[in-house]
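Participant: One structure, pasted below without further comment.
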């Protein structure tokens, strides 16, 4: 499929939100949490990169949250695109999706690993009854809290949703959580083992969350993960 860029907005330094429209498609169906692949011919080579869909299904439009990788082959090219430019797209694919029955749910992300959770959250909260959905997001500094206003709005509107940003290099004025995001896993679970944990980010963080979850008594099937490196 051909994906035509319609709009962009910068979220943080070297992080940008993209909205594409798919040509010849009335509705693009996918399960929140899945990803698509973008393709391009650069320097005589065919390049393919996978990116999580960053919003729930909405007609023939898709949204992505991309990080410009210094020295990368494809992301710098995507950051040069202007509205009206197009890229080739295939998908959706992937099994990093919510469970049919919602129970206590903890979402753990760093960086652009937060993208699939932006797509998942509406359906998770629609199904939440007496259970909480907690988003743990780790980043270095306050200005890098991606989609902050949106998460805080969800928190105000839904009593079952908690947003816990955690900064590893917080400034003096920051009054929230400090350190690494995985340190809040036990508190988010609140002692409950009737829970699902979804983790998305860099390998080191994902592996540590999996180890912590196991140490807390979670079965490996209760921890669903996707690594970005």
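Throughout, read-outs are computed from the coordinates displayed, never taken from laboratory work. What you see is a predicted model, and the numbers here were worked out from it, not measured in a lab. Ideal geometry is used to build each Cβ from the backbone, glycine not excepted, and the neighbour counts take in all protein chains shown.
Participant: Tell me, Kirkwood radius of the chain from alpha-carbon pair distances, in Å?
Facilitator: Taking the inverse mean of 1/r over all distinct Cα pairs, the chain comes out at 18.3 Å.
Participant: Follow-up. Can you give me the Cα centroid spacing of region 169-195 and region 133-164 in angstrom?
Facilitator: If we compute the Cα centre of each part, the gap is 12 Å.
Participant: Only Cα pairs under 8 Å and at least 6 apart count here; give the relative contact order of region 35-123 as a rounded whole percent.
Facilitator: Computed over region 35-123, the figure is 36 percent.
Participant: If I take R0 = 25 Å and measure r between the Cβ atoms of residue 85 and residue 229 in this structure, what FRET efficiency does the formula 1/(1 + (r/R0)^6) give, to the nearest 0.05?
Facilitator: FRET efficiency, residue 85 to residue 229: 0.40.
Participant: Now for a different question. If you take every DSSP beta bridge whose two residues both sit in the chain, what share of them, in percent to the nearest 5, is antiparallel?
Facilitator: Roughly 55 percent of the beta bridges in the chain run antiparallel, per DSSP.
Participant: Between residue 155 and residue 29, what length in nm is gained on full extension when 0.36 nm per residue of separation is reduced by their alpha carbon distance?
Facilitator: My answer for the length gained is 42.6 nm.
Participant: Something else now. What is the gain in length, in nm to one decimal, between residue 7 and residue 186 on full extension, counting 0.36 nm per residue of separation less the C-alpha to C-alpha distance?
Facilitator: 60.5 nm
Participant: Another question about this same structure. What do you get for the angle between helix 115-127 and the principal long axis of the chain? Use alpha-carbon atoms, 0 to 90 degrees, nearest ten.
Facilitator: For 115-127 against the chain, the angle is about 50 degrees.
Participant: Using only C-alpha positions, report the orientation-averaged shadow area of the convex hull of region 2-93, nm², one decimal.
Facilitator: Hull-based average projected area comes out at 5.8 nm².
Participant: For the chain, find the longest principal axis of its Cα atoms and tell me its angle to the long axis of helix 203-216, 0 to 90°, nearest 10.
Facilitator: On a 0 to 90 degree scale, this one is about 30.
Participant: Sorting 184, 52 on the 10 Å Cβ count, fewest up front, what's the list?
Facilitator: Fewest-to-most Cβ neighbours within 10 Å comes out as 184, 52.
Participant: Modelling each spin label as a point 7 Å along the Cα-to-Cβ direction, I'd like the residue 220/residue 15 distance in nm, to one decimal.
Facilitator: It works out to 3.1 nm between the two label points.
Participant: Normalising by the residue count of the chain, find the relative contact order in percent from Cα pairs under 8 Å and 6+ residues apart.
Facilitator: Taking the mean separation of contacting Cα pairs over the length of the chain, I get 18 percent.
Participant: For each of 105, 112, 8, count neighbouring Cβ atoms within 10 Å of the residue's Cβ, then give the residues from fewest to most.
Facilitator: If I rank by nearby Cβ atoms, fewest first, I get 8, 112, 105.
Participant: Taking the 0 to 90 degree range and rounding to the nearest ten, how far is the long axis of helix 148-157 tilted relative to the main principal axis of the chain, both from C-alpha atoms?
Facilitator: Once rounded, the angle reads 50 degrees.
Participant: Express the relative contact order of region 104-227 as a whole percentage, based on alpha carbon pairs under 8 Å and six or more residues apart in sequence.
Facilitator: 29
Participant: Measure out, as a whole number of angstrom, how far apart the alpha-carbon centroids of region 1-54 and region 100-115 sit.
Facilitator: 21
Participant: Give me the extension gain from residue 45 to residue 140: residue separation times 0.36 nm, minus the current Cα-Cα distance, reported in nm with one decimal.
Facilitator: Net length gain for the segment: 30.8 nm.
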